[in-house]
Amino acid sequence: MNRTAGAGARTAAVDVLVVGAGPAGLAAATALSATGVTVDVVDRARDAPPGVRGGVTAIGWAAPRTLDLVGPAGPERVAAGAVVLATGARERPRGARLVPGTRPAGVYTGGELIGAVRRGTPIGRRAVVVGGERISDTAVRTLRGAGVLVAAMVTDEDAPARRARTQPIARAVVTRLYGVDRLSGVGIRLRDGRTRTLSCDTVVFTGDWIPEHELARRAGAAIDPGTRGPVVDGGHRTTVPGVFAVGSLLNGSDPANSAARQGRSLAGPVLDYLADGAWPPDGPGASASIGSSSAADQLKLGALRVSPVNGS
Ligand SMILES: Cc1cc2nc3c(=O)[nH]c(=O)nc-3n(C[C@H](O)[C@H](O)[C@H](O)COP(=O)(O)OP(=O)(O)OC[C@H]3O[C@@H](n4cnc5c(N)ncnc54)[C@H](O)[C@@H]3O)c2cc1C
């Protein structure tokens, strides 16, 4: 059922569209594919794993369970029986943390740092890492691997674990960045009010995750004000029929193995929905049901309209 959509986009139909190919989306797609339904997995990252359409970004909703995508082949529209949002989370960048000062080079998030090192970009000579999460340790190791001295870890935690062989400066926040073209230092304030300036040419703001909830929000899904991820029930159903959400999109901080576990558990609820279209009438919380394993057996594939993805 491929046809040309209004804005010049090609339209394809698929049983399940998975947006995001991190551990959660990949696990969901693998589990669903194994049941025989057609699954289209897209990820905006160009270097996506095999089986994933890389460089393809979901930009909005054309209709319920129908997404507009943009990729190397141009715009397209995918109409799905069910949509799995596995868009993950991003680290809060310096700007969003309201750290004032100049805008010099040498300021990274943990993810940006790892990407830059992978690309072989020269990083700097002396770094400060902000944060006390696992990714902060990863940043320290990455910096050392790239030959950068880690001058300090700064965290607002009371008693951070001493990891990655760096004694953190606890109960402290970064209050200012210094430098013109290149970072020359960061100002920090301790909780007792004392201030210090740490000399460095690189600062890495790590952790402090924000769920990538834009697509969920645009679908009209209820967002939890605490986690800032979509509200879901035990079957990962959002408040929008046919739209599921998994992984760190839900709370920003799910480790990879937990995200993958959630993805795998999604097959039952998605197959249930494809089979009978049932959805908790009042959204998550109205149903205690967690996707039944009988769904795959009950699914009548013949009843689904399936056609090749990608408009080909
Ligand atoms: C630098 C770094 C190091 C980490 N180290 C560890 C570690 O050592 N151990 C650990 O357990 N966890 C680690 N984590 C956390 C781990 O990456 C997450 O827990 C895990 O990736 C969450 O999986 P996910 O599938 O929910 O989301 P993600 O892995 O974030 O995947 C989401 C995917 O969705 C894609 N996407 C988002 N929006 C769109 C859109 N609109 N259209 C198309 N695609 C979209 C993104 O490109 C991304 O690939 C690290 C994270 C980072 C950033």
Spin-label pair Glu157/Arg261, simplified geometry with 7 Å Cα→Cβ offset, distance in nm: 2.0
Cα→Cβ-extended label distance, 7 Å offset, between Arg134 and Gln167, nm: 2.7
In nm, spacing of pseudo-spin labels at Arg182 and Ala222 (7 Å Cα→C-beta vector): 5.3
Gain in span if fully extended, Arg144 to Arg118, counting 0.36 nm per residue against the direct Cα distance: 8.0 nm
Amide H partners (placed H, <5 Å) of Phe205, local residues excluded: Tyr108, Thr109, Gly110, Val130
Lys, Arg +1 and Asp, Glu -1 on Cβ, resulting dipole of the stretch 108-217 about Cα centre, debye, nearest 20: 460
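Every number here is computed from the coordinates shown, using simple stated rules; none is lab data. Worth saying up front: this structure is predicted, and the values here are computed from it rather than measured. Note that we place each Cβ from the backbone using ideal geometry, even for glycine, and neighbour counts take in every protein chain shown.
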